[in-house]
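Written out below as structure tokens is the structure these notes cover.
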């Protein structure tokens, strides 16, 4: 096609074509090999699984207490992963006296040394796996903790998260606090991940409510934590129910602590509602009803709804005329929930505009049928 | 001198190289990225999150239109996902059959009132129902709109943080939501996540859950298996890595509800509403300078039935192409605009030049090859090798996606499946690929035609009327047989081309060639008086010791003899003779262009049955 | 009656748990049949007519509640005793289960001892 260099061009394309042909044959060949190999691995896995299940069940039902034979069967990395996978799966389903027995199986020397090696590896994926392993067991020694602590500060979201999980499984609230603090200081951590952290911070096995509350109040005053994370902290405090912190939170609200950050204010208002803290309601009637941010006005309406007290009706009436639709909706929901007195106000309201009328009618119907 | 043809050839080869370079980059990225992601599984246990009241779950939005036979099974499969607290909102889009009755009957639906803010506009809702059996099931009965309309209704009805749009005929993997939620937990700024769509044809389902994965039986579905693997494992994963994913399949996508509301929901008047939404979300966030992420996870999440009939498939691809063109046209501002970063400089141009103009170049290429062949301007060898190379490249792409699947998810259970996929990756190139390009080209043609009418319509204010293709989840129905004008036209075109090419074989004529064999340089221009009939004059300049060529071919012997006579007087050493051909084929046409390769001439001669000894001189000369 | 062992059908998809429960129950001289999904579970319920069914709510394919509904709708299996195992600890689920005649309700993660106790109590009823 090219006068003069024609044969060169053809040769070039020939070379490419033959390379590609070889490559596709090679790929086909590899596919088949990979498939055969994975078949073999699957089969081995099944065999091993049966073996381990037998041992584990015998161990936790008390049939057998000796683990030396089991230890001999765990040799390679493959075995260890499989073994840990099985136990982790059972741990998620079981509780009671079987749970510590499963944990005891996880700290068999061969398993533990292996994960200790992984923890010290330089590959992030291996570190992450190791961290998740430490989240399952209780007795983590100081060296291992030191590693977990450094990993919590990592930039990799996955590693930081799993290292935090590793620390959060501990029964020492100070350690758990450290993990949460380090995570909360991160700017890029998501709301959902933060929530997860805080719910893990709360120990459901042992009652440590007081200590936890103390640590959380410390967390709240830490100014290095970005506002959105503080908002999540406050919300979860209210949700888990650390009622001893309610005065602290009210003080924040009243004194205007970080009042320029909407996430914080939003969270505080939510908490006031959850704790049914009356004085806050009066304060909100004066201030947040006219807050420039619609989100906060909406939160206020929601809080009034939870308070379920007719003295907030005047404020709700203001909110029912809000420029923002979501605020209006919330306010009307709150008024419907308030019983006959609220209903009377609503009747008045619905005579004003047809728009409000349909809104009120449909919300009423919904509340009735629910 | 480079002619017009050479420029075209260079353009074709250049285009070919660029495309494949891009594909190669995408493959390499994808392969490593997928392997990395495989290792990252299960970091978030989410137990804490799920026990929190603050966590707002997910709404699944499933539009249904005329699906009385399948709707119960699909909804039941949606209710079986392994995820705590999610909500299923089925939107009956004004079905004309018994879809609504079937739903009411089977799920014991009861009318409820629920306040639905009209944030996004849509056709009126008739009623909202709740199931007595499944508290998480909500059914919305509305007047018929289109799929986009139904989805917008669902977005309004939903009160959760995340919404998940799916086609009512797709079956989700049980762990899908958990896997996808991971992206939102990893990064708060995530606004949309897509996943791999796989082909469910002929797979065995037991009560709406994938029991056994099988390779489909029909030809078209098998080809699409390879196609989907390639598109999802390579295309989208690579784009995800480059942070410029522009498509999330309409069959499955998880979105941040607020982000969707901010950009105004799905568009009603486009056929590619799924892509359009994602591009618009990109555009909005870039323009407002809000950090965001659109993700794709290479986890198989959704199984869907693909069309097995040619006509239906053609219509689907036509629609996709129209959707693509429409989206790119709407957002043409983003192209090469530094404001949109790598989206503007990489993703958009890729979709425009390769995905959108691809069929034009491909069909144009075939046309070019055909025409050059008809007009004898084709270097056969080059053409064949080039074709082979491009086919092989396509195969390598397909096969490496099969291999990638082998390394990672291994959803296809038998070794024979690899061979089947390999085989289809090969034969896909013969016939299907061409047909596919043709459908897409027609899609572009329809777009250009349709776009004009849209323009007029919007001015008149009928913005949302666009014909059939967009009805939500089109049920596979055989389109009425039309007279195949396109096919007829194509056949006529090819036929006339072939006829032209072999005109001398088909209509043989008596011809007289004046041949020259000798050592001398000869200028014939002045010598040839009578106008040659078929071939024009030939200018020969050569220093080879002896050469031989045809000076001219004539219809009448007289003319040939006259030329011979006039030449005979030129030089003593020249030996000019005439030969009588009963059926002339341009064996001896020694044009100084593309056919001057002895090899080719020999091939032609052989093909048309000339014995060697008939033209001994000529043959020797050529070999020299 | 004493030589005829008690038959328990376990419909549960987690292999660890089903093996464990099977092991534990067979020690108490009960005959255990395991089904790892709803469909086989239903078929086995009809075939064996077990004295007790342990039913997981989260099952692949048809879910626990649908299995329960099918058991209750079939006149043959209508009166079988059912204990539900669930990781969903939601009130609506509890109500739904009890309204459909579940005798006992155990939420995951569960204690093995408690499960055994409830099984025994259910069998005495």
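Of the peptides A:191-201, A:95-105, how do they stack up when ordered by the mean number of other Cβ atoms within 10 Å, highest first?
Values: A:191-201: 24.5, A:95-105: 16.6.
Going from most to least packed, we get A:191-201, A:95-105.
Would you mind putting A:70-78, A:168-176 in packing order, based on average other-beta-carbon counts within 10 Å, highest first?
Working: A:70-78: 13.1, A:168-176: 18.0.
Ranking the peptides A:70-78, A:168-176 by packing returns A:168-176, A:70-78.
Can you sort B:190, A:68, B:327 so the residue with the fewest Cβ neighbours within 10 Å comes first?
Values: B:190 23, A:68 7, B:327 27.
The fewest-first ordering by Cβ neighbours comes to A:68, B:190, B:327.
Report, as a whole number in µm² per second, the diffusion coefficient that Stokes-Einstein gives for segment A:126-220 at 4 °C and 1.567 mPa s using the Kirkwood radius over alpha carbon pairs. List each step's numbers first, then the result.
Numbers: Rh = 13.1 Å.
Result for D is 99 µm²/s.
Residue C:94 versus residue A:42, label points 7 Å from Cα toward the beta carbon: distance in nm?
For residue C:94 paired with residue A:42, the spin-label model returns 4.2 nm.
Which order do the peptides A:36-44, B:252-260, B:14-22 come out in when sorted by mean C-beta neighbours inside 10 angstrom, highest first? Mind showing how you got there, number by number?
Details: A:36-44: 11.6, B:252-260: 22.0, B:14-22: 14.2.
Listed from highest to lowest mean packing, they are B:252-260, B:14-22, A:36-44.
With just the Cα atoms defining each centre, how far is segment A:106-130 from segment A:9-24? Give it in Å.
After rounding, the separation between the Cα centres reads 46 Å.
Take every residue in peptide B:48-60, count the Cβ atoms of other chains within 10 Å of its Cβ, and give the average of those counts.
6
For residue B:416 and residue A:211, what does the FRET efficiency come to when R0 = 60 Å and r is the distance between their Cβ atoms, rounded to the nearest 0.05? The partial results should precede the final answer.
Details: r = 62 Å, r/R0 = 1.03.
So the FRET efficiency works out to roughly 0.45.
Does anyone have the angle between helix A:157-168 and the longest principal axis of chain A? Alpha-carbon axes, 0 to 90°, nearest 10?
Here the helix axis deviates by roughly 80 degrees.
For segment A:211-370, just say rounded, prolate or oblate: build the C-alpha gyration tensor, square-root its eigenvalues into a ≥ b ≥ c, call rounded for a/c under 1.5, and beyond that prolate if a/b exceeds b/c, oblate if not. Walk me through the numbers before you get to the answer.
Working: a/c = 2.46, a/b = 2.06, b/c = 1.20.
Since a/c reaches 1.5 and a/b is larger than b/c, the shape of segment A:211-370 is classed as prolate.
Based on the alpha-carbon gyration tensor of segment A:256-337 and its eigenvalue square roots a ≥ b ≥ c, which shape applies: rounded if a/c is under 1.5, prolate if not and a/b is larger than b/c, or oblate? Mind dumping the intermediate values first?
Working: a/c = 1.72, a/b = 1.18, b/c = 1.45.
Judged from the Cα gyration tensor, segment A:256-337 comes out oblate (a/c at least 1.5, b/c at or above a/b).
Just to verify a number: FRET efficiency for residue A:76 and residue A:138, C-beta to C-beta distance, R0 = 35 Å, to 0.05? Don't skip to the end; give the middle numbers.
Values: r = 26 Å, r/R0 = 0.74.
Here the calculated transfer efficiency is 0.85.
Going 7 Å from the Cα of residue C:29 toward and past its Cβ, which residues in segment C:95-125 have a backbone nitrogen under 20 Å from where you end up?
C:116-125
With each pseudo-label sitting 7 Å past Cα toward Cβ, what's the residue B:449-residue A:365 distance in nm, one decimal?
4.5
Taking chain A as the reference, fit the longest principal axis to its C-alpha atoms, fit the long axis of helix A:227-240 to the helix C-alpha atoms, and give the angle between the two in degrees, 0 to 90, nearest 10.
It works out to around 80 degrees.
Treating the angle as unsigned and between 0 and 90°, give the value, to the nearest 10°, between the Cα long axis of helix A:109-120 and the longest Cα principal axis of chain A.
Rounded to the nearest ten degrees, it is 70.
Within 10 Å of each Cβ in B:297-310, how many Cβ atoms from other chains are there, averaged over the peptide? Don't skip to the answer; put the middle values down first.
Details: counts 0, 0, 0, 0, 0, 0, 0, 0, 0, 0, 0, 0, 0, 0.
Partner Cβ neighbours, averaged per residue: 0.
Taking each residue in B:178-190, count the Cβ atoms of any other chain within 10 Å of its Cβ, then average. What number comes out? Could the numbers behind the result be given before it?
Working: counts 0, 0, 0, 1, 2, 1, 4, 10, 8, 5, 9, 2, 1.
The mean count of partner-chain Cβ atoms within 10 Å per residue comes to 3.
When a/c reaches 1.5 or more, the comparison of a/b and b/c decides; with that in mind, is segment B:335-432 rounded, prolate or oblate per its Cα gyration tensor? Don't skip to the end; give the middle numbers.
Values: a/c = 3.08, a/b = 1.10, b/c = 2.80.
Note, shape of segment B:335-432 comes out oblate.
For the pair residue C:43 and residue A:311, what calculated FRET efficiency results from E = 1/(1 + (r/R0)^6), where r is the Cβ-Cβ distance and R0 = 45 Å, to the nearest 0.05?
0.15
How far is it, in nm, from the label point at residue B:284 to the one at residue B:335 when both lie 7 Å from their Cα along the line to the Cβ?
In this crude spin-label approximation the distance works out to 2.5 nm.
Every read-out reported here was derived from the displayed coordinates using simple, explicitly stated rules and does not represent laboratory data. Small disclaimer: the values here were computed from a predicted structure and weren't measured. Cβ coordinates were reconstructed from backbone atoms using ideal geometry, including for glycine residues, and neighbour counts include every protein chain displayed.
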